[in-house]
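Here the structure is laid out as structure tokens; the discussion comes afterwards.
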Amino acid sequence: MTLLPHPKPFLDPPVGFADLERARAVVVPFGYEGGVSYGLGTAAAPAAVLEASYQVEFYDDVLDAEPYVVGLGTLEPPAVPQSPEPMEALMFRLTDELLARPTFPIVVGGDHSITAGSIRAVAKHHESFGVIQLDAHADLRESYNGSRLSHACTMARALDFTPHTLQIGIRSMDIEEALRVKRQHLPMCTMDQWRKGRFDLQSALAPLPERVFLTIDVDVFDWSVIASTGTPEPGGLLWHETLDLLQTLFSQKNVVGCDVVELSYRASDPNSPFAVAKLIYKIVGFKFAELLTAT
């Protein structure tokens, strides 16, 4: 399929660095919210993140580098279907095309149901891979509100393609999801376990395949970091501990793609889109840290 560049790309880097033909990472705005079950606003979130990104500094003080120099492109927002199956098919085609180039896709949602299409594309390109989820919710329902592509079913759909998953930050699930975790021995770190020091990240990463897809639902964060999300839960991860977690993850695994979902646009909250924009730029830096160090 034809991929078109965004007229005002993420971060708005200097001329040439957002060129899709040379980009090692590509941001994909995907404003779908047909899978939500509570608050709205995710459809407008990608545009808010792009606008906020223009205020993010190019220089990363942790990496002592400017990550955009690896090439950071942005796609023109696609016309997103408003029903689940065509939406999933479009997300599959976009991710498939980017993985084939190959580039590192960073999808900006949109609600969490969009992840299913990206995971299906990863399965096409990689025989063995894992899925790491940062999220307040388990998302292990087989269907919700009559749909297998609800945002409450994201990890159930991931398990359709790989048995290798790791869930971190979970603090909300129903009894059936809890029983599934126990029955299938699904690796999960709840926030209670995280806060009480009962989780060893290194040991949890070790059994996963070398290649992983990372999906970040922003409700994993504490409200002091990101407040605007459709299904908020109190008591989440803080900013710096999340960056430490991500830096470890990227240093241990080959993250082949990621998405950042479930931000809800609210005109009264400019902080949350900015935090997401900065998070995405940090992810680019962690993904290409060795390349940036070499230069």
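Output the number of residues of the range 78-100 satisfying the condition of being touching a strand residue (DSSP E or B) at 6+ places or on another chain (Cβ under 8 Å) and modelled with pLDDT under 95. Outline the logic, then answer.
So in the range 78-100, the residues touching a strand residue (DSSP E or B) at 6+ places or on another chain (Cβ under 8 Å) come out as 78, 80, 84, 91, 94-95, 98-99.
Restricting the remaining residues to those that are modelled with pLDDT under 95 gives 78, 80, 84.
Within the range 78-100, residues that are touching a strand residue (DSSP E or B) at 6+ places or on another chain (Cβ under 8 Å) and modelled with pLDDT under 95 number 3.
Please pick out the residue among 60, 64, 19 that is at positive phi, over 17 Å from the mean Cα position of the chain (by Cα), at pLDDT 95 or above and not aliphatic (A, V, I, L, M).
Just a single option satisfies the conditions, and that option is 64.
Could you say which residue among 276, 261, 225, 256 is within 13 Å of the chain's Cα centre (by Cα), hydrophobic (A, V, I, L, M, F, W, C) and more than 17 Å from residue 31 (Cβ to Cβ)? Give the derivation first.
Working: 276 fails: more than 17 Å from residue 31 (Cβ to Cβ); 261 fails: more than 17 Å from residue 31 (Cβ to Cβ); 225 fails: within 13 Å of the chain's Cα centre (by Cα).
None of the others qualify; the one that does is 256.
Within the range 99-117, can you find the residues that are buried (at least 24 other Cβ atoms within 10 Å of the Cβ) and part of a helix (DSSP H, G or I)?
112, 113, 114, 115, 116, 117 - these are the residues of the range 99-117 that are buried (at least 24 other Cβ atoms within 10 Å of the Cβ) and part of a helix (DSSP H, G or I).
Looking only at the range 235-264, filter to residues that are out of contact with any Phe, Trp or Tyr (no Cβ under 7 Å at 6 or more places or on another chain) and farther than 28 Å from residue 99 by Cβ; which one of those is surrounded by the most Cβ atoms within 10 Å (Cβ to Cβ)?
Looking at residues that are out of contact with any Phe, Trp or Tyr (no Cβ under 7 Å at 6 or more places or on another chain) and farther than 28 Å from residue 99 by Cβ, I get 264.
Residues that are of a type in the set (A, V, I, L, M), closer than 21 Å to residue 261 by Cβ and not in a loop (DSSP other than H, G, I, E, B): does the range 2-22 have at least one?
Looking only at the range 2-22, we keep the residues that are of a type in the set (A, V, I, L, M), and these are 3-4, 11, 15, 18, 20.
With closer than 21 Å to residue 261 by Cβ added as a condition, the list becomes 3, 11.
So of that shortlist, the ones also not in a loop (DSSP other than H, G, I, E, B) come out as none.
No, that holds for no residue.
Which of (1) farther than 19 Å from residue 255 by Cα; (2) part of a loop (DSSP other than H, G, I, E, B) does residue 152 not meet, given it meets every other one?
Here residue 152 clears every test but (2).
Tell me, yes or no, whether the range 172-181 has at least one residue that is in contact with an Asp or Glu (Cβ under 7 Å, 6 or more places away or on another chain), in a loop (DSSP other than H, G, I, E, B) and either closer than 20 Å to residue 219 by Cα or free of Cβ contacts under 8 Å to residues at least 60 places away in the same chain (or both).
Just the residues of the range 172-181 that are in contact with an Asp or Glu (Cβ under 7 Å, 6 or more places away or on another chain), to begin with: 172.
From the residues that got through so far, the ones that are in a loop (DSSP other than H, G, I, E, B) too are none.
Checked the range 172-181: no residue is in contact with an Asp or Glu (Cβ under 7 Å, 6 or more places away or on another chain), in a loop (DSSP other than H, G, I, E, B) and either closer than 20 Å to residue 219 by Cα or free of Cβ contacts under 8 Å to residues at least 60 places away in the same chain (or both).
What's the total number of residues in the range 182-224 that are outside any loop (DSSP other than H, G, I, E, B) and either closer than 23 Å to residue 119 by Cα or not aliphatic (A, V, I, L, M) (or both)?
If we filter the range 182-224 for residues that are outside any loop (DSSP other than H, G, I, E, B), which is where we start, we get 182-184, 188-195, 201-205, 211-221.
Applying the additional criterion that residues be either closer than 23 Å to residue 119 by Cα or not aliphatic (A, V, I, L, M) (or both) yields 182-184, 188-190, 192-195, 201-205, 211-221.
The number of residues fulfilling the criteria is 26.
State the number of residues belonging to the range 223-266 that are aliphatic (A, V, I, L, M) and within 21 Å of residue 9 (Cα to Cα).
3
The values are calculated or read from the model by the stated rules, or taken from the named source; none is laboratory data. The model shown is predicted, which means the values in this text are computed figures rather than measured ones. Positions of Cβ are backbone-derived with ideal geometry, glycine not excepted, and every protein chain shown enters the neighbour counts.
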